[in-house]
Amino acid sequence: MSIDLCILASGSAGNCSVVRTPAGAMLIDAGIGPRTAAKRLVGTGLGVEEIRSICLTHLDRDHFSPTWLNTLARLKIQVYCHRRSLRNLSKLAAELHPDIDWSGQITGFDHTCFEPLSGLRFSPIPLAHDVEGSHGFVVEGFGCRAGYATDLGQVPPELIHQFVDLDILALESNYDPQMQRESPRPEFLKQRIMGGAGHLSNEQALSAIVKILDGCTSKLPVHIVLLHRSRQCNCPKLLRRLAGRDQRIAPRLTLAEQHQRSEWLRASSDARPLDGEQLSMGWS
């Protein structure tokens, strides 16, 4: 059995990932519209009409586009968002489509585990991001575990603890501090991004990944995905060079892109267990 992850888009212009399981397919975030998502899905073996549910990390426009509402209504796609955002999302849906009863289609989650697909469990992890916050998830089912977290102002200890022994680890690595400071962006935006309630720097992300890998007791991830890379204040070559400091990270690395989908990244229930050499590496 397996869980497959495909990143359709990742960045400030829109975020959307597909999770494929034996029970069906769903999205994590829907920050690109359904037409764009349909184009990105070409070649994956899936279409928008096969998406059964969407789980939202938060309601920022780059994580949920209201252009999805027509498609949600037509295909009866279930949507999950944190209870704090439930009223705002329900209000938006009712304003744009007052003829539809959304009460059974938009569901709020809290701190407890929920199942957006049968047999697939999502465990939310609260994250500091702007005023409303965001959520990462541990995704478990069909003998596999994946962790997905983006838009973190900082890395909470709970995330490190929950993200050990994953098959797929997907974590934001947004900016290089020097590029951020030297960019032409206004000072308030730089402070928002770097102030502990915005996004993670490359160093913060990779340091967190090392702590996660150091804590693994049964297996290392098959795939390590870096999400939400800034196109203005980051560089793929820089990220790969930094990741190359730890031989556990480099061969597993996927850099998510804004305008190009990833390949299917598979988490399999028969992943190879840890060995002594894998345990001994570290990032410095």
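The values are calculated or read from the model by the stated rules, or taken from the named source; none is laboratory data. The model shown is predicted, which means the values in this text are computed figures rather than measured ones. Heads up, the Cβs are rebuilt from the backbone with ideal geometry, glycines too, and the neighbour counts pull from every protein chain shown.
Couple of notes before you dig in:
- The number of residues in region 10-22 being surrounded by fewer than 24 Cβ atoms within 10 Å (Cβ to Cβ) and either of a type in the set (Gly, Ala, Ser) or in contact (Cβ under 8 Å) with a residue 40 or more places away in the chain (or both) comes to 7.
- Members of region 167-195 that are within 25 Å of Ile224 (Cα to Cα) and either under 19 Å from the mean Cα position of the chain (by Cα) or among the polar types (S, T, N, Q) (or both): Asp167, Ile168, Leu169, Ala170, Leu171, Glu172, Ser173, Asn174, Tyr175, Gln178, Gln180, Ile193
- Residue count for region 108-128, restricted to those that are farther than 28 Å from Asn70 by Cβ and either exposed (fewer than 15 other Cβ atoms within 10 Å of the Cβ) or not aliphatic (A, V, I, L, M) (or both): 8
- All positions within region 149-163 that are farther than 19 Å from Ser12 by Cβ and either surrounded by 21 or more Cβ atoms within 10 Å (Cβ to Cβ) or within 13 Å of the chain's Cα centre (by Cα) (or both): Val155, Leu159, Phe163
- For region 249-284, a tally of residues being among the aromatic types (Phe, Trp, Tyr) and at pLDDT 95 or above returns 1.
- Evaluation of Glu172 against the conditions (1) at pLDDT below 95; (2) surrounded by 21 or more Cβ atoms within 10 Å (Cβ to Cβ) shows that the sole unmet condition is (1).
- Some residue of region 246-257 being outside any helix (DSSP H, G or I), over 21 Å from Arg20 (Cβ atoms), of a type in the set (Asp, Glu) and in contact with a helix residue (DSSP H, G or I) (Cβ under 8 Å, 6 or more places away or on another chain): yes
- Filter pass, Glu140 being within 16 Å of the chain's Cα centre (by Cα) and at negative phi: yes
- Residue match in region 38-59 (condition: in contact with a Phe, Trp or Tyr (Cβ under 6 Å, 6 or more places away or on another chain), of a type in the set (A, V, I, L, M) and over 17 Å from His129 (Cβ atoms)): no
Yes/no per residue for (1) buried (at least 16 other Cβ atoms within 10 Å of the Cβ); (2) at pLDDT 95 or above; (3) hydrophobic (A, V, I, L, M, F, W, C):
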position: Ile28; (1), (2), (3): yes, yes, yes
position: Gly43; (1), (2), (3): no, yes, no
position: Arg52; (1), (2), (3): yes, yes, no
position: Lys91; (1), (2), (3): no, no, no
position: Ile106; (1), (2), (3): yes, yes, yes
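- The one condition in (1) within 29 Å of Ala25 (Cα to Cα); (2) out of contact with any helix residue (DSSP H, G or I) (no Cβ under 8 Å at 6 or more places or on another chain) that Pro221 fails to fulfil: (2)
- Check on Arg185, farther than 19 Å from Ala243 by Cβ, of a type in the set (D, E, K, R) and out of contact with any Pro (no Cβ under 7 Å at 6 or more places or on another chain): yes
- Among the residues making up region 176-194, those that are assigned to a loop (DSSP other than H, G, I, E, B) and surrounded by 12 or more Cβ atoms within 10 Å (Cβ to Cβ) are Asp176, Ser183, Arg185.
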